[in-house]
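Novice: Sharing a structure below in structure tokens format, with a few things to ask.
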Amino acid sequence: MGKKSCFHGRLSIAPNIETMHSSSISCEQAGMLFNSAISIWQKICRRYGQGRPEFWIILDYNRQNPVIASCSYHGIYINLGLMRTNLTVAEDIASRLVEELYHLHEWRVRGIVPKDATRDERISLKREELLAYYARDYKYRALCALAQLTRVPHWKKFLAEVEQYRKIKGL
């Protein structure tokens, strides 16, 4: 994230979540995305188990950074400077939030630490690379959660492709 950022701190609706965004993103837009992220976190907790770990949500806008989303034990990073072209902006952002928050939930609440984690999701993977990326156990679980928690047909279709890939590769 660039030198200029806006720290929003902890929100009253989720006092365990700290928020910060690039100054390239308006506070109003960031606020809407923070509220969406909190809503998604609450849905994940209801479905997969309650948990209240403290963590960060960081929104950036950096076209030079090839990473579109990333997760660590301490929070999630979303780069709004790059978008997936096969989804609407809303679908793309929501899917990143679901996926990264699901990973965070696995690591912080369920205690599942993937052995081969690549925490940075990049936008420029070729189709075969993308299938292999989502065929990994932890990415596959996040993709299943994404298909369950959203109404975007793309993810259900892509999940079927990944399941076929996993079957062919014996995973």
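Novice: How large a share of the accessible area of the chain, in percent, is made up of carbon and sulfur atoms when the probe is 1.4 Å and the other protein chains stay in place?
Specialist: Whole-percent figure for carbon plus sulfur exposure: 52.
Novice: Under a point spin-label approximation (7 Å from Cα along Cα-to-Cβ), what is the W56-C144 distance to one decimal in nm?
Specialist: Inter-label distance under the simple model: 3.1 nm.
Novice: List the longest stretch of the chain that has no exposed loop site; here a site is one of the trypsin sites (Lys or Arg not before Pro) assigned by DSSP to anything other than H, G, I, E or B, with at most 14 other Cβ within 10 Å.
Specialist: 5-62
Novice: How big is the Kirkwood radius of the chain, worked out from every pair of different alpha carbons and given in Å to one decimal? Let's see the in-between values first.
Specialist: Details: mean 1/r = 0.0609 Å⁻¹.
When all Cα pairs of the chain are included, the Kirkwood radius is 16.4 Å.
Novice: Of all DSSP beta bridges located in region 35-124, what percent are antiparallel, nearest 5?
Specialist: Restricted to region 35-124, the bridges split so that about 60 percent are antiparallel.
Novice: While we're on this one: Counting other Cβ atoms within 10 Å, keep those with at most 16, restrict to DSSP loop, and tell me which GluC sites (Glu not before Pro) in region 1-101 are left. Could the numbers behind the result be given before it?
Specialist: Values: sites: E18, E28, E54, E91, E99, E100; in loops: E54.
Answer by residue number: E54.
Novice: Then there is this: Rounded to whole Å, give me the distance from the Cα center of region 1-68 to that of region 73-96.
Specialist: 12
Novice: A further question on this structure: What FRET efficiency comes out for the pair R110/S39, r = Cβ-Cβ distance, R0 = 30 Å, nearest 0.05?
Specialist: 0.90
Novice: On C-alpha positions alone, give me the angle between the axis of helix 89-105 and the longest principal axis of the chain, in degrees, nearest 10.
Specialist: Relative to the chain, helix 89-105 is tipped by roughly 80 degrees.
Novice: What whole-number value in Å² describes the accessible area per residue of the chain for a 1.4 Å probe? Write down the numbers at each step before the final one.
Specialist: Details: 8960 Å² over 171 residues.
So the chain comes to 52 Å² accessible per residue, rounded to a whole number.
Novice: Quick one: compute the contact order of region 1-117, relative version, from alpha carbon pairs under 8 angstrom and 6+ residues apart, as a percent.
Specialist: Once normalised by length, the contact order is 23 percent.
Novice: Want the number for E163 to R46: 0.36 nm per residue separation, take away the alpha-carbon distance, what's left? Write down the numbers at each step before the final one.
Specialist: On the way: separation 117, 0.36 × 117 = 42.12 nm, distance 2.55 nm.
Full-extension gain reported as 39.6 nm.
Novice: In addition: Which one, L87, L159, L131, has the greatest fluctuation when you compute a Gaussian network model over the chain with C-alpha springs under 10 angstrom?
Specialist: Between L87, L159, L131, it is L87 that shows the largest mean-square fluctuation.
The values are calculated or read from the model by the stated rules, or taken from the named source; none is laboratory data. The shown structure was predicted, so the numbers you read here are calculated from the model rather than taken from an experiment. Note that we place each Cβ from the backbone using ideal geometry, even for glycine, and neighbour counts take in every protein chain shown. Accessible surface is based on the protein model in full, side chains and every heavy atom, while ligands, DNA and RNA are left aside. Shrake-Rupley method; radii C 1.70, N 1.55, O 1.52, S 1.80 Å.
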